[in-house]
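**Student:** Supplied in C-alpha coordinates, the structure appears directly below.
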Amino acid sequence: MSHTTSPFDPEVHGPKYTSVPSHEHVREQARKPQRKVEWGINWRAPAKMVGLLLLGIAVAVGHHCFYQQLHLKEVSTGNSRWNFKSQSWAIRYGTAFAFLAKTSLAASISVAYQQHIWSTMKSKRITISGLDATFGATKDIFAFFNPTFLLNVKVGAVLAALTWLMPLSAIITPATLSVVTSTKMTPQSMNVPMVDFNDTSALYNQDANLLFSDINSADNGVMPFLNRLMASTASGSAILPSLAIAPAANYSLQFFAPSFQCGMAPPNVTAEIKAVLNGKGAYLRVKANADFWSCAVRDTQFNITFNATGDLQTVNRPYTFEYNSNGLNASHYIHGQVMSNFLTGVLFGFLGGVSSYRTQITQTALFGALTTAHNDTLFMGPIEDTAIPNADKALARNLTVGQLIEELSRNLTLSFFSADRLWMPGGVSTTVNIGSTPNIYNYNPTNLFWAYGLAVLVTMLSVAVGMRAIVVNGVSHETSFSSILCSTRNGTLDNLTAGFSLAAEPLGSDVKDTKLRFGMLRRSNEDGFIRRAGFGIDGEVDDLRKGTSCY
(Lines give C-alpha, C1' and ligand atoms only; values in the text may rest on other atoms or scores of the structure.)
Protein backbone atom coordinates (compact mmCIF):
# COMPACT_ATOMS: atom_id res chain seq x y z
CA MET A 1 0.00 0.00 0.00
CA SER A 2 1.57 3.28 -1.09
CA HIS A 3 1.53 6.52 0.94
CA THR A 4 0.97 9.89 -0.72
CA THR A 5 1.99 13.03 1.13
CA SER A 6 -0.26 16.10 1.13
CA PRO A 7 1.15 19.27 -0.39
CA PHE A 8 -0.07 21.05 2.73
CA ASP A 9 1.82 18.72 5.11
CA PRO A 10 4.16 20.88 7.18
CA GLU A 11 6.63 18.04 7.37
CA VAL A 12 7.08 18.22 3.58
CA HIS A 13 7.46 21.98 3.31
CA GLY A 14 9.13 22.75 6.56
CA PRO A 15 8.51 25.82 8.70
CA LYS A 16 6.88 27.81 5.85
CA TYR A 17 3.47 26.48 6.92
CA THR A 18 2.07 26.60 10.47
CA SER A 19 -0.19 24.08 12.09
CA VAL A 20 -3.88 24.95 12.61
CA PRO A 21 -5.07 24.44 16.22
CA SER A 22 -7.32 21.45 16.68
CA HIS A 23 -11.04 21.86 17.43
CA GLU A 24 -10.43 20.37 20.82
CA HIS A 25 -7.86 23.05 21.54
CA VAL A 26 -10.31 25.79 20.52
CA ARG A 27 -12.97 24.36 22.77
CA GLU A 28 -10.51 24.24 25.62
CA GLN A 29 -9.64 27.89 25.14
CA ALA A 30 -13.36 28.78 25.05
CA ARG A 31 -13.82 27.28 28.50
CA LYS A 32 -11.29 29.71 29.88
CA PRO A 33 -12.36 33.31 29.10
CA GLN A 34 -9.33 35.50 28.51
CA ARG A 35 -10.91 38.99 28.64
CA LYS A 36 -13.52 40.79 30.67
CA VAL A 37 -15.97 43.28 29.22
CA GLU A 38 -14.97 46.93 29.19
CA TRP A 39 -17.57 49.31 30.50
CA GLY A 40 -17.57 52.76 28.96
CA ILE A 41 -19.47 54.83 26.45
CA ASN A 42 -17.97 54.88 23.01
CA TRP A 43 -18.08 58.30 21.36
CA ARG A 44 -19.54 57.02 18.06
CA ALA A 45 -23.19 56.60 19.11
CA PRO A 46 -23.55 60.02 20.82
CA ALA A 47 -21.65 61.65 17.97
CA LYS A 48 -23.95 60.05 15.40
CA MET A 49 -27.09 61.10 17.25
CA VAL A 50 -26.02 64.70 17.77
CA GLY A 51 -24.18 65.01 14.48
CA LEU A 52 -27.13 63.79 12.42
CA LEU A 53 -29.45 66.09 14.38
CA LEU A 54 -27.21 69.10 13.69
CA LEU A 55 -26.89 68.11 10.06
CA GLY A 56 -30.69 67.93 9.74
CA ILE A 57 -31.04 71.38 11.33
CA ALA A 58 -28.37 72.82 9.04
CA VAL A 59 -30.04 71.40 5.94
CA ALA A 60 -33.42 72.74 7.08
CA VAL A 61 -31.94 76.22 7.52
CA GLY A 62 -30.27 75.90 4.13
CA HIS A 63 -33.61 74.89 2.60
CA HIS A 64 -35.21 78.03 4.05
CA CYS A 65 -32.38 80.28 2.83
CA PHE A 66 -32.55 78.77 -0.66
CA TYR A 67 -36.29 79.34 -0.95
CA GLN A 68 -36.00 82.81 0.61
CA GLN A 69 -33.57 83.97 -2.05
CA LEU A 70 -35.92 82.68 -4.75
CA HIS A 71 -38.95 84.48 -3.27
CA LEU A 72 -40.51 86.97 -5.74
CA LYS A 73 -37.80 86.31 -8.31
CA GLU A 74 -38.85 85.72 -11.90
CA VAL A 75 -38.87 82.11 -13.03
CA SER A 76 -36.26 81.41 -15.66
CA THR A 77 -37.85 80.54 -18.97
CA GLY A 78 -34.87 78.74 -20.49
CA ASN A 79 -35.78 75.35 -21.91
CA SER A 80 -32.31 73.81 -21.75
CA ARG A 81 -32.08 70.87 -19.38
CA TRP A 82 -28.75 72.28 -18.20
CA ASN A 83 -30.31 75.58 -17.19
CA PHE A 84 -29.65 75.19 -13.48
CA LYS A 85 -31.78 78.25 -12.65
CA SER A 86 -34.93 76.85 -14.24
CA GLN A 87 -38.06 75.93 -12.33
CA SER A 88 -37.43 72.21 -12.73
CA TRP A 89 -33.99 72.54 -11.16
CA ALA A 90 -35.39 74.65 -8.32
CA ILE A 91 -37.82 71.80 -7.61
CA ARG A 92 -34.95 69.31 -7.67
CA TYR A 93 -32.89 71.39 -5.25
CA GLY A 94 -35.82 71.74 -2.88
CA THR A 95 -36.54 68.02 -3.02
CA ALA A 96 -32.86 67.27 -2.33
CA PHE A 97 -32.89 69.57 0.72
CA ALA A 98 -36.06 67.92 2.03
CA PHE A 99 -34.70 64.40 1.43
CA LEU A 100 -31.38 65.08 3.13
CA ALA A 101 -33.06 66.80 6.10
CA LYS A 102 -35.57 64.01 6.74
CA THR A 103 -32.91 61.33 6.23
CA SER A 104 -30.56 62.96 8.75
CA LEU A 105 -33.26 63.45 11.37
CA ALA A 106 -34.67 59.95 10.90
CA ALA A 107 -31.19 58.44 11.17
CA SER A 108 -30.59 60.36 14.40
CA ILE A 109 -33.82 58.95 15.86
CA SER A 110 -32.85 55.47 14.69
CA VAL A 111 -29.57 55.64 16.64
CA ALA A 112 -31.47 56.83 19.72
CA TYR A 113 -33.91 53.94 19.25
CA GLN A 114 -31.06 51.42 19.23
CA GLN A 115 -29.80 52.71 22.57
CA HIS A 116 -33.23 52.71 24.17
CA ILE A 117 -34.29 49.17 23.28
CA TRP A 118 -31.26 47.66 24.99
CA SER A 119 -32.20 49.32 28.27
CA THR A 120 -35.74 47.99 27.81
CA MET A 121 -34.51 44.45 27.11
CA LYS A 122 -32.50 44.55 30.34
CA SER A 123 -35.55 45.36 32.43
CA LYS A 124 -38.31 43.31 30.76
CA ARG A 125 -38.86 39.72 29.65
CA ILE A 126 -39.96 39.82 26.02
CA THR A 127 -40.91 36.95 23.76
CA ILE A 128 -38.65 36.11 20.87
CA SER A 129 -41.35 37.26 18.43
CA GLY A 130 -41.46 40.56 20.32
CA LEU A 131 -37.69 40.82 20.11
CA ASP A 132 -37.92 40.20 16.36
CA ALA A 133 -40.28 43.16 16.09
CA THR A 134 -38.08 45.25 18.37
CA PHE A 135 -34.95 44.67 16.31
CA GLY A 136 -36.75 45.24 13.00
CA ALA A 137 -39.21 48.04 13.85
CA THR A 138 -37.21 50.73 12.04
CA LYS A 139 -37.00 48.59 8.90
CA ASP A 140 -40.20 46.50 8.87
CA ILE A 141 -43.55 48.30 9.13
CA PHE A 142 -45.26 45.05 10.06
CA ALA A 143 -43.42 45.09 13.40
CA PHE A 144 -46.11 47.47 14.63
CA PHE A 145 -48.67 44.68 14.35
CA ASN A 146 -46.89 42.75 17.11
CA PRO A 147 -48.75 43.36 20.39
CA THR A 148 -45.81 42.21 22.54
CA PHE A 149 -43.62 44.87 21.00
CA LEU A 150 -46.23 47.60 21.46
CA LEU A 151 -46.98 46.67 25.07
CA ASN A 152 -43.42 46.15 26.30
CA VAL A 153 -41.43 48.66 24.25
CA LYS A 154 -43.80 51.63 24.32
CA VAL A 155 -41.28 54.45 24.09
CA GLY A 156 -39.28 52.46 21.57
CA ALA A 157 -42.42 51.98 19.46
CA VAL A 158 -42.91 55.75 19.44
CA LEU A 159 -39.31 56.31 18.36
CA ALA A 160 -39.60 53.71 15.63
CA ALA A 161 -42.87 55.26 14.45
CA LEU A 162 -41.17 58.66 14.21
CA THR A 163 -38.56 57.25 11.83
CA TRP A 164 -41.43 56.13 9.59
CA LEU A 165 -43.33 59.43 9.88
CA MET A 166 -40.31 61.67 9.29
CA PRO A 167 -40.70 61.51 5.45
CA LEU A 168 -43.91 63.53 5.85
CA SER A 169 -41.72 66.60 6.28
CA ALA A 170 -40.21 65.87 2.87
CA ILE A 171 -43.71 66.02 1.38
CA ILE A 172 -44.70 69.32 2.99
CA THR A 173 -41.54 71.41 2.72
CA PRO A 174 -40.96 71.33 -1.08
CA ALA A 175 -44.55 72.51 -1.58
CA THR A 176 -43.85 75.74 0.33
CA LEU A 177 -42.35 77.13 -2.88
CA SER A 178 -44.88 77.75 -5.62
CA VAL A 179 -45.05 79.68 -8.87
CA VAL A 180 -47.60 82.46 -9.26
CA THR A 181 -48.36 85.02 -11.94
CA SER A 182 -47.31 88.56 -11.14
CA THR A 183 -47.67 91.97 -12.75
CA LYS A 184 -44.51 93.79 -13.71
CA MET A 185 -44.58 97.39 -14.92
CA THR A 186 -41.73 98.68 -17.10
CA PRO A 187 -41.64 102.46 -17.77
CA GLN A 188 -41.07 103.43 -21.38
CA SER A 189 -41.31 106.71 -23.31
CA MET A 190 -43.96 106.46 -26.03
CA ASN A 191 -46.28 108.58 -28.16
CA VAL A 192 -49.88 108.10 -27.04
CA PRO A 193 -53.18 109.23 -28.58
CA MET A 194 -54.31 112.76 -27.77
CA VAL A 195 -57.57 114.39 -28.84
CA ASP A 196 -57.21 117.61 -30.81
CA PHE A 197 -59.87 119.69 -29.11
CA ASN A 198 -59.11 122.62 -31.45
CA ASP A 199 -60.08 120.68 -34.58
CA THR A 200 -63.89 120.62 -34.90
CA SER A 201 -64.10 119.42 -38.50
CA ALA A 202 -65.30 115.98 -37.46
CA LEU A 203 -67.78 117.39 -34.96
CA TYR A 204 -69.69 120.18 -36.67
CA ASN A 205 -70.86 121.02 -40.20
CA GLN A 206 -69.35 124.42 -40.97
CA ASP A 207 -70.39 124.67 -44.62
CA ALA A 208 -71.34 128.32 -45.18
CA ASN A 209 -74.24 127.29 -47.39
CA LEU A 210 -75.68 125.19 -44.56
CA LEU A 211 -74.90 127.51 -41.69
CA PHE A 212 -78.07 128.19 -39.70
CA SER A 213 -80.09 126.20 -42.28
CA ASP A 214 -81.11 123.61 -39.68
CA ILE A 215 -81.45 126.01 -36.79
CA ASN A 216 -84.85 124.58 -35.98
CA SER A 217 -83.81 120.93 -36.35
CA ALA A 218 -82.74 118.60 -33.60
CA ASP A 219 -79.09 118.53 -34.76
CA ASN A 220 -78.27 122.22 -35.18
CA GLY A 221 -75.24 121.44 -37.34
CA VAL A 222 -73.81 118.64 -35.13
CA MET A 223 -72.29 115.84 -37.18
CA PRO A 224 -74.04 112.42 -37.03
CA PHE A 225 -70.80 110.94 -35.69
CA LEU A 226 -70.91 113.22 -32.64
CA ASN A 227 -74.59 112.44 -32.12
CA ARG A 228 -73.79 108.72 -32.06
CA LEU A 229 -70.92 109.32 -29.64
CA MET A 230 -73.26 111.33 -27.41
CA ALA A 231 -75.94 108.63 -27.50
CA SER A 232 -73.44 105.83 -26.70
CA THR A 233 -71.94 107.74 -23.80
CA ALA A 234 -75.34 108.71 -22.36
CA SER A 235 -76.93 105.28 -22.67
CA GLY A 236 -73.97 103.53 -21.04
CA SER A 237 -73.61 106.11 -18.26
CA ALA A 238 -69.86 105.61 -18.58
CA ILE A 239 -66.76 106.71 -20.45
CA LEU A 240 -66.37 104.77 -23.68
CA PRO A 241 -63.23 102.59 -23.81
CA SER A 242 -60.53 103.13 -26.43
CA LEU A 243 -58.03 100.88 -28.15
CA ALA A 244 -55.08 100.01 -25.94
CA ILE A 245 -51.68 101.20 -27.07
CA ALA A 246 -50.19 98.03 -25.51
CA PRO A 247 -51.58 95.18 -23.42
CA ALA A 248 -51.54 95.86 -19.66
CA ALA A 249 -50.20 99.41 -20.10
CA ASN A 250 -51.06 102.54 -18.16
CA TYR A 251 -50.15 106.19 -18.52
CA SER A 252 -51.36 109.60 -17.36
CA LEU A 253 -52.34 112.72 -19.31
CA GLN A 254 -53.11 116.31 -18.43
CA PHE A 255 -55.08 118.49 -20.86
CA PHE A 256 -57.73 121.20 -21.14
CA ALA A 257 -61.16 120.39 -22.57
CA PRO A 258 -64.82 121.47 -22.23
CA SER A 259 -67.27 120.29 -19.59
CA PHE A 260 -70.43 121.58 -17.93
CA GLN A 261 -70.65 123.28 -14.56
CA CYS A 262 -74.14 123.49 -13.05
CA GLY A 263 -75.55 125.61 -10.27
CA MET A 264 -78.90 126.71 -8.92
CA ALA A 265 -80.49 129.22 -11.27
CA PRO A 266 -80.96 132.83 -10.07
CA PRO A 267 -84.52 134.26 -9.71
CA ASN A 268 -84.61 135.93 -13.14
CA VAL A 269 -83.57 132.69 -14.84
CA THR A 270 -86.17 130.81 -12.79
CA ALA A 271 -88.87 133.06 -14.17
CA GLU A 272 -87.67 132.48 -17.70
CA ILE A 273 -87.75 128.69 -17.18
CA LYS A 274 -91.33 128.88 -15.89
CA ALA A 275 -92.32 131.01 -18.84
CA VAL A 276 -90.91 128.45 -21.26
CA LEU A 277 -92.74 125.63 -19.46
CA ASN A 278 -96.02 127.53 -19.85
CA GLY A 279 -95.36 128.35 -23.49
CA LYS A 280 -94.82 132.11 -22.91
CA GLY A 281 -91.11 132.52 -23.76
CA ALA A 282 -88.33 131.75 -26.24
CA TYR A 283 -85.61 130.79 -23.76
CA LEU A 284 -84.41 127.34 -22.75
CA ARG A 285 -83.28 126.57 -19.24
CA VAL A 286 -83.29 123.46 -17.03
CA LYS A 287 -85.93 122.53 -14.46
CA ALA A 288 -85.84 119.18 -12.73
CA ASN A 289 -88.13 118.32 -9.87
CA ALA A 290 -88.46 121.47 -7.73
CA ASP A 291 -84.99 122.73 -8.65
CA PHE A 292 -83.99 125.18 -11.36
CA TRP A 293 -80.53 124.60 -12.78
CA SER A 294 -78.29 126.84 -14.83
CA CYS A 295 -75.49 124.91 -16.58
CA ALA A 296 -72.65 126.56 -18.50
CA VAL A 297 -69.74 125.20 -20.54
CA ARG A 298 -66.42 125.78 -18.81
CA ASP A 299 -62.83 125.14 -19.81
CA THR A 300 -61.63 122.35 -17.55
CA GLN A 301 -58.23 120.91 -16.69
CA PHE A 302 -58.34 117.09 -16.63
CA ASN A 303 -55.79 114.81 -14.96
CA ILE A 304 -56.53 111.23 -15.97
CA THR A 305 -54.86 107.84 -16.09
CA PHE A 306 -55.57 105.27 -18.78
CA ASN A 307 -55.33 101.62 -17.85
CA ALA A 308 -55.28 98.89 -20.49
CA THR A 309 -56.75 95.42 -20.07
CA GLY A 310 -56.38 93.25 -23.11
CA ASP A 311 -57.13 95.22 -26.30
CA LEU A 312 -59.04 98.05 -24.60
CA GLN A 313 -58.08 100.82 -22.22
CA THR A 314 -60.31 102.76 -19.86
CA VAL A 315 -60.02 105.84 -17.68
CA ASN A 316 -59.26 105.06 -14.06
CA ARG A 317 -61.68 106.40 -11.51
CA PRO A 318 -61.54 108.62 -9.65
CA TYR A 319 -59.78 111.17 -11.83
CA THR A 320 -59.28 114.84 -11.01
CA PHE A 321 -60.56 117.92 -12.86
CA GLU A 322 -60.62 121.64 -12.17
CA TYR A 323 -62.62 124.45 -13.78
CA ASN A 324 -60.65 127.49 -14.87
CA SER A 325 -61.30 130.92 -16.33
CA ASN A 326 -59.75 130.30 -19.73
CA GLY A 327 -61.64 131.52 -22.75
CA LEU A 328 -63.84 129.22 -24.80
CA ASN A 329 -63.28 128.10 -28.38
CA ALA A 330 -65.39 126.39 -31.01
CA SER A 331 -65.06 122.94 -29.45
CA HIS A 332 -66.57 124.25 -26.21
CA TYR A 333 -69.65 125.57 -28.00
CA ILE A 334 -70.07 122.37 -30.00
CA HIS A 335 -69.82 120.36 -26.80
CA GLY A 336 -72.59 122.47 -25.29
CA GLN A 337 -74.66 122.14 -28.45
CA VAL A 338 -74.65 118.36 -28.58
CA MET A 339 -75.47 118.18 -24.86
CA SER A 340 -78.33 120.63 -25.37
CA ASN A 341 -79.61 118.71 -28.38
CA PHE A 342 -79.69 115.52 -26.38
CA LEU A 343 -81.32 116.85 -23.22
CA THR A 344 -83.58 119.65 -24.52
CA GLY A 345 -87.28 118.98 -24.32
CA VAL A 346 -90.03 118.14 -21.87
CA LEU A 347 -90.71 114.99 -19.87
CA PHE A 348 -94.14 114.53 -18.27
CA GLY A 349 -96.51 111.93 -16.95
CA PHE A 350 -99.12 110.54 -19.31
CA LEU A 351 -101.66 107.77 -18.59
CA GLY A 352 -99.58 106.42 -15.71
CA GLY A 353 -96.43 106.33 -17.78
CA VAL A 354 -93.88 108.80 -19.12
CA SER A 355 -94.07 110.83 -22.27
CA SER A 356 -91.44 113.15 -23.70
CA TYR A 357 -91.06 115.82 -26.29
CA ARG A 358 -87.68 116.00 -28.10
CA THR A 359 -85.61 115.19 -25.01
CA GLN A 360 -83.66 111.93 -24.79
CA ILE A 361 -83.18 112.17 -21.04
CA THR A 362 -84.76 108.74 -20.55
CA GLN A 363 -81.62 107.25 -22.16
CA THR A 364 -79.44 108.66 -19.37
CA ALA A 365 -78.94 108.24 -15.64
CA LEU A 366 -80.69 111.60 -15.17
CA PHE A 367 -84.03 109.86 -15.61
CA GLY A 368 -83.55 108.04 -12.30
CA ALA A 369 -82.93 111.32 -10.46
CA LEU A 370 -86.36 112.75 -11.29
CA THR A 371 -89.13 112.86 -8.69
CA THR A 372 -92.90 112.88 -9.03
CA ALA A 373 -93.82 115.46 -6.41
CA HIS A 374 -94.02 118.54 -8.62
CA ASN A 375 -96.14 119.62 -11.57
CA ASP A 376 -95.77 123.29 -12.50
CA THR A 377 -96.94 123.08 -16.15
CA LEU A 378 -100.35 123.99 -17.47
CA PHE A 379 -100.96 121.04 -19.72
CA MET A 380 -98.77 118.20 -18.48
CA GLY A 381 -99.50 115.74 -15.66
CA PRO A 382 -97.12 114.50 -12.93
CA ILE A 383 -94.93 111.44 -13.40
CA GLU A 384 -96.16 108.50 -11.37
CA ASP A 385 -93.65 107.00 -8.94
CA THR A 386 -94.07 103.57 -10.53
CA ALA A 387 -93.16 105.02 -13.93
CA ILE A 388 -89.47 105.24 -12.92
CA PRO A 389 -88.12 101.71 -12.31
CA ASN A 390 -85.90 101.10 -9.27
CA ALA A 391 -83.06 100.03 -11.56
CA ASP A 392 -83.12 103.50 -13.17
CA LYS A 393 -83.19 105.15 -9.77
CA ALA A 394 -80.12 103.15 -8.80
CA LEU A 395 -78.22 104.56 -11.80
CA ALA A 396 -78.60 108.05 -10.34
CA ARG A 397 -76.64 106.98 -7.20
CA ASN A 398 -78.44 109.66 -5.13
CA LEU A 399 -76.82 112.45 -7.18
CA THR A 400 -78.71 115.59 -8.13
CA VAL A 401 -79.71 116.37 -11.70
CA GLY A 402 -77.05 119.08 -11.82
CA GLN A 403 -74.32 116.67 -10.72
CA LEU A 404 -75.46 114.10 -13.28
CA ILE A 405 -75.39 116.68 -16.09
CA GLU A 406 -71.81 117.59 -15.12
CA GLU A 407 -70.81 113.93 -15.03
CA LEU A 408 -72.41 113.26 -18.41
CA SER A 409 -70.55 116.18 -19.98
CA ARG A 410 -67.20 114.94 -18.63
CA ASN A 411 -67.96 111.40 -19.82
CA LEU A 412 -68.62 112.80 -23.29
CA THR A 413 -65.34 114.74 -23.31
CA LEU A 414 -63.29 111.70 -22.21
CA SER A 415 -65.15 109.45 -24.65
CA PHE A 416 -63.57 111.48 -27.48
CA PHE A 417 -60.46 109.34 -26.92
CA SER A 418 -62.39 106.31 -28.20
CA ALA A 419 -62.57 107.81 -31.70
CA ASP A 420 -59.29 107.79 -33.61
CA ARG A 421 -60.65 110.37 -36.07
CA LEU A 422 -60.39 112.94 -33.29
CA TRP A 423 -56.73 112.21 -32.44
CA MET A 424 -54.03 114.69 -33.30
CA PRO A 425 -51.35 113.37 -35.70
CA GLY A 426 -48.46 111.74 -33.86
CA GLY A 427 -50.11 112.06 -30.46
CA VAL A 428 -48.08 113.26 -27.49
CA SER A 429 -45.03 111.80 -25.79
CA THR A 430 -45.35 110.55 -22.23
CA THR A 431 -44.09 107.80 -19.94
CA VAL A 432 -46.04 104.59 -20.39
CA ASN A 433 -45.82 101.75 -17.91
CA ILE A 434 -45.82 98.57 -19.98
CA GLY A 435 -47.19 95.67 -18.00
CA SER A 436 -46.16 92.06 -18.27
CA THR A 437 -47.24 88.97 -16.35
CA PRO A 438 -44.11 86.96 -15.60
CA ASN A 439 -44.21 83.89 -13.39
CA ILE A 440 -42.44 84.42 -10.08
CA TYR A 441 -41.58 82.21 -7.13
CA ASN A 442 -43.76 82.58 -4.05
CA TYR A 443 -42.37 81.18 -0.80
CA ASN A 444 -44.56 80.43 2.21
CA PRO A 445 -42.08 80.04 5.09
CA THR A 446 -44.77 79.34 7.70
CA ASN A 447 -45.47 75.82 6.45
CA LEU A 448 -41.75 75.07 6.16
CA PHE A 449 -41.11 76.30 9.71
CA TRP A 450 -43.92 74.17 11.08
CA ALA A 451 -42.83 71.04 9.21
CA TYR A 452 -39.15 71.30 10.03
CA GLY A 453 -39.81 72.70 13.50
CA LEU A 454 -41.88 69.68 14.51
CA ALA A 455 -39.39 67.30 12.89
CA VAL A 456 -36.46 68.87 14.72
CA LEU A 457 -38.37 68.99 18.02
CA VAL A 458 -39.26 65.29 18.03
CA THR A 459 -35.71 64.44 16.98
CA MET A 460 -34.28 66.42 19.89
CA LEU A 461 -36.60 64.61 22.29
CA SER A 462 -35.58 61.29 20.77
CA VAL A 463 -31.90 62.15 21.13
CA ALA A 464 -32.55 62.98 24.80
CA VAL A 465 -34.13 59.53 25.24
CA GLY A 466 -31.15 57.93 23.50
CA MET A 467 -28.63 59.82 25.61
CA ARG A 468 -30.39 58.77 28.78
CA ALA A 469 -30.35 55.14 27.62
CA ILE A 470 -26.60 55.32 26.97
CA VAL A 471 -26.00 56.65 30.48
CA VAL A 472 -28.24 53.96 32.01
CA ASN A 473 -26.69 51.17 29.92
CA GLY A 474 -23.12 52.28 30.60
CA VAL A 475 -22.23 51.41 27.01
CA SER A 476 -23.46 52.28 23.52
CA HIS A 477 -25.28 49.66 21.45
CA GLU A 478 -26.27 48.75 17.93
CA THR A 479 -28.67 46.24 16.41
CA SER A 480 -26.07 44.74 14.07
CA PHE A 481 -25.34 41.05 13.53
CA SER A 482 -22.26 41.29 15.75
CA SER A 483 -24.43 42.64 18.59
CA ILE A 484 -26.78 39.65 18.26
CA LEU A 485 -23.82 37.29 17.97
CA CYS A 486 -22.21 38.55 21.16
CA SER A 487 -25.40 38.63 23.21
CA THR A 488 -26.76 35.16 22.39
CA ARG A 489 -23.87 32.91 23.48
CA ASN A 490 -26.07 30.63 25.57
CA GLY A 491 -26.34 26.84 25.49
CA THR A 492 -29.98 27.06 26.45
CA LEU A 493 -30.68 29.05 23.34
CA ASP A 494 -28.70 26.54 21.29
CA ASN A 495 -30.97 23.76 22.50
CA LEU A 496 -34.07 25.90 22.11
CA THR A 497 -33.33 26.69 18.46
CA ALA A 498 -32.26 23.18 17.48
CA GLY A 499 -33.82 22.43 14.10
CA PHE A 500 -34.05 26.11 13.17
CA SER A 501 -30.39 26.84 12.47
CA LEU A 502 -31.18 27.77 8.83
CA ALA A 503 -32.91 30.89 10.21
CA ALA A 504 -35.76 30.17 7.84
CA GLU A 505 -39.35 31.27 8.33
CA PRO A 506 -41.66 30.43 9.93
CA LEU A 507 -40.20 29.95 13.36
CA GLY A 508 -41.90 27.43 15.64
CA SER A 509 -44.47 28.91 18.01
CA ASP A 510 -42.79 27.28 21.02
CA VAL A 511 -39.65 29.20 20.13
CA LYS A 512 -41.38 32.50 19.30
CA ASP A 513 -43.33 32.49 22.56
CA THR A 514 -40.27 31.95 24.74
CA LYS A 515 -39.53 35.01 26.84
CA LEU A 516 -35.96 36.26 27.09
CA ARG A 517 -34.20 39.00 29.00
CA PHE A 518 -30.78 40.52 28.59
CA GLY A 519 -28.72 40.26 31.76
CA MET A 520 -26.09 38.25 33.65
CA LEU A 521 -26.16 34.54 32.74
CA ARG A 522 -25.68 31.88 35.41
CA ARG A 523 -23.65 29.05 33.90
CA SER A 524 -21.33 26.55 35.65
CA ASN A 525 -18.74 23.94 34.74
CA GLU A 526 -15.87 22.20 36.41
CA ASP A 527 -14.15 25.55 36.95
CA GLY A 528 -17.15 27.12 38.73
CA PHE A 529 -19.52 29.88 37.74
CA ILE A 530 -18.86 31.84 34.55
CA ARG A 531 -20.50 35.26 34.63
CA ARG A 532 -21.36 36.30 31.11
CA ALA A 533 -23.83 38.89 29.80
CA GLY A 534 -26.39 37.74 27.29
CA PHE A 535 -29.98 36.78 26.56
CA GLY A 536 -31.44 34.03 28.66
CA ILE A 537 -34.66 32.53 29.93
CA ASP A 538 -36.17 32.83 33.38
CA GLY A 539 -34.02 31.34 36.12
CA GLU A 540 -30.70 31.83 34.37
CA VAL A 541 -30.57 35.64 34.09
CA ASP A 542 -29.79 38.15 36.82
CA ASP A 543 -29.97 41.91 36.57
CA LEU A 544 -27.10 43.44 34.66
CA ARG A 545 -25.94 46.51 36.50
CA LYS A 546 -23.62 49.10 35.05
CA GLY A 547 -20.01 48.35 35.95
CA THR A 548 -20.59 44.67 36.88
CA SER A 549 -17.56 42.48 36.14
CA CYS A 550 -18.36 39.86 33.51
CA TYR A 551 -16.99 38.17 30.44
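**Student:** Condition (residue is open to solvent by less than 60 Å² (accessible area, probe 1.4 Å), in contact with a Pro (Cβ under 8 Å, 6 or more places away or on another chain) and modelled with pLDDT of 90 or more) applied to region 247-260: is it met by at least one residue? It would help to see each step written out before you state the result.
**Tutor:** Here is the first cut: in region 247-260, the residues open to solvent by less than 60 Å² (accessible area, probe 1.4 Å) are 248-251, 253, 255, 257-260.
Keeping just the survivors that are in contact with a Pro (Cβ under 8 Å, 6 or more places away or on another chain) gives none.
No, region 247-260 contains no residue that is open to solvent by less than 60 Å² (accessible area, probe 1.4 Å), in contact with a Pro (Cβ under 8 Å, 6 or more places away or on another chain) and modelled with pLDDT of 90 or more.
**Student:** OK, next. Inside region 96-127, can you point out the residues that are open to solvent by 70 Å² or more (accessible area, probe 1.4 Å) and not charged (D, E, K, R)?
**Tutor:** Initially, region 96-127 is screened for residues open to solvent by 70 Å² or more (accessible area, probe 1.4 Å), giving 99-100, 123-125.
Of everything in region 96-127, those that are open to solvent by 70 Å² or more (accessible area, probe 1.4 Å) and not charged (D, E, K, R) turn out to be 99, 100, 123.
**Student:** To continue, here is another question. Testing residue 441 on (1) outside any helix (DSSP H, G or I); (2) surrounded by fewer than 16 Cβ atoms within 10 Å (Cβ to Cβ), one condition comes back false. Which one is that?
**Tutor:** (2)
**Student:** Also: Can you tell which of 449, 535, 500, 518 is among the aromatic types (Phe, Trp, Tyr) and more than 58 Å from the chain's Cα centre (by Cα)?
**Tutor:** 500
**Student:** Which residues, taken from region 465-485, are surrounded by fewer than 14 Cβ atoms within 10 Å (Cβ to Cβ) and either touching a residue at least 40 places away in the same chain (Cβ under 8 Å) or among the basic types (Lys, Arg) (or both)? Give the steps one after another, and end with the answer.
**Tutor:** Of all residues in region 465-485, those surrounded by fewer than 14 Cβ atoms within 10 Å (Cβ to Cβ) come to 471, 480-482, 484-485.
If the condition is that a residue be surrounded by fewer than 14 Cβ atoms within 10 Å (Cβ to Cβ) and either touching a residue at least 40 places away in the same chain (Cβ under 8 Å) or among the basic types (Lys, Arg) (or both), then 471, 484 are the ones that fit.
**Student:** Going by the structure shown, is residue 498 in a loop (DSSP other than H, G, I, E, B) and at pLDDT below 90? Give the derivation first.
**Tutor:** Details: in a loop (DSSP other than H, G, I, E, B): yes; at pLDDT below 90: yes.
Taking the combined requirement at face value, the residue satisfies it.
The values are calculated or read from the model by the stated rules, or taken from the named source; none is laboratory data. Here the structure is a predicted model, which means the values were calculated and not measured. Don't worry about glycine lacking a Cβ; one is built from the backbone with ideal geometry, like all the others, and counts go over all protein chains shown. Accessible surface areas use protein heavy atoms only, side chains included; no ligands, DNA or RNA. Shrake-Rupley method; radii C 1.70, N 1.55, O 1.52, S 1.80 Å.
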